[in-house]
Amino acid sequence: MRRVLIALLFASGCTGDPQSWSALLKQLPGLEPPAREAAIEKFIAVKHGTPIIENQTRLVFLAKDKDGQAPRIVGDFNSWAVTPKGYDVSIGKTTRIDGTPWSYLESTSYTNARLEYGFLFDKEYTVDPMNQRQVPAFAGPRSEVRMPFFVAQPEVDEAAAAAKGEVIADTFESRSLGGKRRVCSVHDAVHADPACRHRQSVGCPGRPPFA
């Protein structure tokens, strides 16, 4: 039945389709409950998943009930529900969309930000199933949001294609330690000019730093 409703909504054409989140919220009360759910799912499909990004800074997270429960949504945008006074269980609570198993949470972010977030149910943490972007983390995968002006980092996104750096060993005279000492440095390969490359001193293989 739901597939039939979604098909009918798509067949009706784009003239009456809401183009923004606020327009969708105004449309939903005039629909029957099954049609509301279909309209939400169509809106998400047209926007290519969640969260919905509008006006370059506005975020709208949408979540569907799991076993009749709506999740809290926490992430970088709300400091993972941590405040100066400690963890706040009220942060990330969603607003129910009447007559549907869907709820939403609105937030904002910088136009060039990259954010991570997840869904918190009573006994489970999950990524956003409507968001294809995921990143690994110590406690498990997280969903990722890239704002419109986020600058991708090829050495992270395309590790196989990124140019490799190099390890260089230097020898110098040490008056305090007496004699010659060797230090290894790691250069990335993002910049063609060696003078502009990032350099970090590390221990040479089999030796401590400045060995």
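One table, with the values for the structure above:
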read-out: Filtered residues of segment 156-182 (kept if of a type in the set (Val, Ile, Thr), more than 25 Å from Glu144 (Cβ to Cβ) and modelled with pLDDT under 75); value: Val167
read-out: Residue under evaluation Arg146, criteria (1) of a type outside the set (S, T, N, Q); (2) farther than 30 Å from Ile53 by Cβ; (3) at pLDDT 80 or above, criterion not met; value: (2)
read-out: Subset of segment 65-83 that is at pLDDT 95 or above and in a loop (DSSP other than H, G, I, E, B) - its residue that is surrounded by the fewest Cβ atoms within 10 Å (Cβ to Cβ); value: Asp65
read-out: Elements of type helices (runs of 4 or more DSSP H) contained in segment 1-59, each with 3 or more residues being at pLDDT below 95 and surrounded by 12 or more Cβ atoms within 10 Å (Cβ to Cβ); value: 2-11
read-out: Residues located in segment 84-102, provided they are assigned to a strand (DSSP E or B), in contact (Cβ under 8 Å) with a residue 12 or more places away in the chain and surrounded by fewer than 19 Cβ atoms within 10 Å (Cβ to Cβ); value: Arg96
read-out: Residues satisfying the stated conditions in segment 109-126, i.e. within 21 Å of Pro148 (Cα to Cα) and surrounded by 14 or more Cβ atoms within 10 Å (Cβ to Cβ); value: Ser109, Ala113, Arg114, Leu115, Glu116, Tyr117, Gly118
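The values are calculated or read from the model by the stated rules, or taken from the named source; none is laboratory data. The structure presented is a predicted model; accordingly, all values stated were derived computationally and were not measured. Neighbour counts are summed over all protein chains in view; Cβ atoms, including those assigned to glycine, are modelled from backbone coordinates with ideal geometry.
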